[in-house]
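Presented below is the structure to which this report refers.
The values are calculated or read from the model by the stated rules, or taken from the named source; none is laboratory data. Keep in mind that this is a model prediction, so the values were computed, not measured. Ideal geometry is used to build each Cβ from the backbone, glycine not excepted, and the neighbour counts take in all protein chains shown.
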Amino acid sequence: MAATMLRGPALPALWLLLLAGFAVLSGFAAAYDRFPADLWLAHRLQELDAATFVRAMDWAEDLTDTPWIIVVWLGGAAALLVAARRWEALLLLASVLGRLVNTGLKELVERPRPTEDLVVVRDGPSSPAFPSGHADGAIMLYGLLFYFITLFVPHPVLRRVSQTACLWVILFTGMERVFVGAHWPSDVLGGYYLGGLMLAVLIAVHRLGPAAWKRE
């Protein structure tokens, strides 16, 4: 029933509704340096001191930062080309355009980063904070890889391990950005939100791509 309701014009309408929600969130981010729960959540996360947990966050963040994100991005595209998935490789390469959207929104919203009088700042980039580029990039790249893995990796164990790795990078990257004091939790939420919107567009384009036209 739910799947039937979300066919045809319902999907674009839902996407536009979610886009409007992101616009509202961005407006609040432009008006307020942080949201009411941001400081409390940041303090709770920065209190974590388990070495393994911190290391997992660091590794995840590395995989969404230069140079490793370029290695994963190009490596994923190369693997798709080897598997004769040229359309999918093109979409994966096109996902880099999300960085431009993120940068433009940062300059538009101009939300300041967390400061040392409020949280421990271990990493303090000079660019505006909202939306988080790392969280956005994690959703765009690793979310798209998760989608392709679901479609094209037949071996169940390899598929589940690969999917879990993608989810780990997405989740722990956002946590790490708050842990190091580079972002408020709402910045990360905004990055996930924006990345999810753009990922939905890429998946829709994939489904309406050359394979769909050939079936018609």
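Kindly indicate whether PHE130 is modelled with pLDDT of 95 or more, in a helix (DSSP H, G or I) and more than 15 Å from ASP65 (Cα to Cα). Before the answer, list the steps.
Values: modelled with pLDDT of 95 or more: yes; in a helix (DSSP H, G or I): no; more than 15 Å from ASP65 (Cα to Cα): yes.
Judged against the criteria, PHE130 is not a match.
Test each condition in (1) modelled with pLDDT under 90; (2) over 20 Å from the mean Cα position of the chain (by Cα); (3) not in a helix (DSSP H, G or I) for THR66 and report the one that comes out false.
Unmet condition: (2).
Could you please tell me which pairs satisfy a Cβ distance under 9 Å, a separation of 6+ or placement on different chains, a first residue in the range 22-35 that is part of a helix (DSSP H, G or I), and a second residue that is charged (D, E, K, R) and surrounded by fewer than 16 Cβ atoms within 10 Å (Cβ to Cβ)?
Between residues of the range 22-35 that are part of a helix (DSSP H, G or I) and residues that are charged (D, E, K, R) and surrounded by fewer than 16 Cβ atoms within 10 Å (Cβ to Cβ), the close pairs are ALA30/GLU110.
Go through the range 76-88 residue by residue and tally those that are in a helix (DSSP H, G or I) and more than 17 Å from ILE139 (Cα to Cα).
Let us first name the residues in the range 76-88 that are in a helix (DSSP H, G or I), namely 76-82, 86-88.
Next, from what is left, pick out any that are more than 17 Å from ILE139 (Cα to Cα): 78-82, 86-87.
Going through the range 76-88 one residue at a time, the tally reaches 7.
Is there a residue in the range 40-63 that is free of Cβ contacts under 8 Å to residues at least 60 places away in the same chain and touching a helix residue (DSSP H, G or I) at 6+ places or on another chain (Cβ under 8 Å)?
There is at least one residue in the range 40-63 that is free of Cβ contacts under 8 Å to residues at least 60 places away in the same chain and touching a helix residue (DSSP H, G or I) at 6+ places or on another chain (Cβ under 8 Å).
Could you please find all residues in the range 149-184 being in contact with a Phe, Trp or Tyr (Cβ under 8 Å, 6 or more places away or on another chain), assigned to a helix (DSSP H, G or I) and buried (at least 19 other Cβ atoms within 10 Å of the Cβ)?
Passing the criteria: CYS166, VAL169, ILE170, PHE172, GLY174, VAL178.
Give me the residue from the range 89-111 that is part of a helix (DSSP H, G or I) and among the charged types (D, E, K, R) and, out of that set, farthest from PHE35 (Cα to Cα).
So in the range 89-111, the residues part of a helix (DSSP H, G or I) come out as 89-94, 97-109.
Adding the requirement that they be among the charged types (D, E, K, R) leaves 99, 106-107.
On the way: ARG99: 24, LYS106: 17, GLU107: 19 Å.
Filtering first and then ranking leaves ARG99.
Give the residue that is modelled with the highest pLDDT, with candidates limited to residues of the range 185-216 that are assigned to a loop (DSSP other than H, G, I, E, B) and loosely packed, with under 13 Cβ neighbours inside 10 Å. Talk me through it step by step, then tell me what you get.
Narrowing the range 185-216 to residues assigned to a loop (DSSP other than H, G, I, E, B): 208-209, 216.
Next, only the ones that are loosely packed, with under 13 Cβ neighbours inside 10 Å stay: 208, 216.
On the way: LEU208: 83, GLU216: 46.
Ranking the qualifying residues of the range 185-216, first place goes to LEU208.
Contact list please: Cβ distance under 9 Å, first residue in the range 108-136 and touching a residue at least 24 places away in the same chain (Cβ under 8 Å), second residue of a type in the set (S, T, N, Q) and assigned to a loop (DSSP other than H, G, I, E, B), pairs at least six apart or on different chains.
Cβ pairs passing all conditions: ARG113/SER126; ARG113/SER127; VAL121/THR115; GLY124/THR115; GLY133/THR64; GLY133/SER127; HIS134/THR64; ALA135/THR64.
Mind checking whether some residue in the range 88-102 is of a type outside the set (Gly, Ala, Ser), modelled with pLDDT under 85 and under 20 Å from MET175 (Cα atoms)?
Taking every residue of the range 88-102 in turn, none turns out to be of a type outside the set (Gly, Ala, Ser), modelled with pLDDT under 85 and under 20 Å from MET175 (Cα atoms).
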